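Report on the following structure.
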Amino acid sequence: MSVAFVKEESAEAASETLLPDRPVSPHPNLVTEAGLKALELQLQQAREAFAVANAIEDVNERRRQAGNPLRDLRYYSARVHTAQLMQVPSSTDKVAFGNTVTFSRDDGRVQTYRIVGEDEADPTKGSISFVSPVARLLIGKTVGDVVQSGNQEIEIIEIA
């Protein structure tokens, strides 16, 4: 009988459904309270999606459907396990993790970003990762300080 008519999946086909792990940053996994809650929610959603995929009767379809949730489950489990909850900064004297910083650029743009963990950073929503080049330049600086970013100068206007 041809292998095409066999219901059992071969080892080669099974290995195709095992997706490689999502890359995990080498940096400390610093998170805000909201960031930790978001990671925990994503972990729960991955668990639920994996459970739904495992309920599929057809073994081939089950493996195909479980690939992404299983990879997400591994990733979010690791991120929650390594999360280091950072307290809200008690001072706005110096830029620190969790602060919101407003700065101006040479070209006249004024930008405001909150410095957060890598998994919660979303520049389109006003947050940048603490390991981003701009955040690294700003952390530890005070209002009025000017830092060089590429060909531009950035001046800190406000820390909240």
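The values are calculated or read from the model by the stated rules, or taken from the named source; none is laboratory data. Remember, it's a predicted structure, so these values are computed and weren't measured experimentally. As a convention, Cβ positions derive from the backbone with ideal geometry for all residues, glycine included, and neighbour counts pool all protein chains shown. Please note that ligands, DNA and RNA were not included when accessible areas were found on the heavy atoms of the full protein model with its side chains. Shrake-Rupley method; radii C 1.70, N 1.55, O 1.52, S 1.80 Å.
For the stretch 60-77, a tally of residues being farther than 14 Å from PRO20 by Cβ and open to solvent by 40 Å² or more (accessible area, probe 1.4 Å) returns 6.
Reported count of residues in the stretch 16-33, each being within 22 Å of GLU118 (Cα to Cα), surrounded by fewer than 14 Cβ atoms within 10 Å (Cβ to Cβ) and of a type outside the set (A, V, I, L, M), is 8. Do we have ALA83 as of a type in the set (A, V, I, L, M, F, W, C), surrounded by fewer than 17 Cβ atoms within 10 Å (Cβ to Cβ) and closer than 21 Å to PHE130 by Cα here? No.
In the stretch 34-47, the condition of being open to solvent by less than 60 Å² (accessible area, probe 1.4 Å) and modelled with pLDDT under 95 is met by no residue. Only one entry in SER104, SER149 is of a type in the set (Gly, Ala, Ser) and more than 25 Å from the chain's Cα centre (by Cα), namely SER104.
Using the structure shown, decide if GLY117 is under 25 Å from HIS27 (Cα atoms), open to solvent by less than 60 Å² (accessible area, probe 1.4 Å) and in contact (Cβ under 8 Å) with a residue 40 or more places away in the chain. Here the answer is yes, as GLY117 does meet what is asked.
Only residues that are farther than 15 Å from ASP93 by Cα and either surrounded by fewer than 16 Cβ atoms within 10 Å (Cβ to Cβ) or in contact with a Phe, Trp or Tyr (Cβ under 8 Å, 6 or more places away or on another chain) (or both) were counted in the stretch 133-145, giving 4. Evaluation of VAL101 against the conditions (1) farther than 30 Å from ALA55 by Cα; (2) surrounded by fewer than 17 Cβ atoms within 10 Å (Cβ to Cβ) shows that the sole unmet condition is (2).
When ARG109 is tested against (1) open to solvent by 60 Å² or more (accessible area, probe 1.4 Å); (2) closer than 28 Å to ALA38 by Cα, just one condition goes unmet, and that condition is (2). Listed conditions (1) among the aliphatic types (A, V, I, L, M); (2) farther than 17 Å from LEU138 by Cα; (3) buried (at least 20 other Cβ atoms within 10 Å of the Cβ) are all met by VAL95, apart from (2). Determine whether GLU57 is open to solvent by 70 Å² or more (accessible area, probe 1.4 Å) and part of a strand (DSSP E or B). When the stated conditions are applied, GLU57 does not pass them.
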